[in-house]
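The values are calculated or read from the model by the stated rules, or taken from the named source; none is laboratory data. The structure presented is a predicted model; accordingly, all values stated were derived computationally and were not measured. Please note: Cβ atoms are built from the backbone with ideal geometry, for glycine as well, and neighbour counts cover all protein chains shown.
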Amino acid sequence: MDWVTLGRSLFTVVCFAFFIVVLIIAYSKRSKGRYEEAANLPFLDDDKVQEAGKEQASNGARK
């Protein structure tokens, strides 16, 4: 086996291990609260967005 094949094999194993670590971190119970909070961000200021839409032009232009 030459060095290029060995390097490619090691790179594949390292990338796979990194992928598994990312999956473990993403689906851990410790991260659940952070992801739930991030999932609700679009809904937090819904009333403020509607009020601002009445005061400003819809295309972002100034009055």
Checklist line | Filtered residues of the stretch 28-38 (kept if loosely packed, with under 10 Cβ neighbours inside 10 Å and among the acidic types (Asp, Glu)) | finding: Glu36
Note to self: Take the residues in the stretch 39-63 that are surrounded by 10 or more Cβ atoms within 10 Å (Cβ to Cβ) and of a type in the set (A, V, I, L, M); name whichever of them is modelled with the highest pLDDT.
What the structure shows: Leu44
Note to self: I'd like the full set of residues that are exposed (fewer than 10 other Cβ atoms within 10 Å of the Cβ) and either outside any helix (DSSP H, G or I) or hydroxyl-bearing (Ser, Thr, Tyr) (or both), limited to the stretch 1-27.
What the structure shows: Met1, Asp2, Thr5
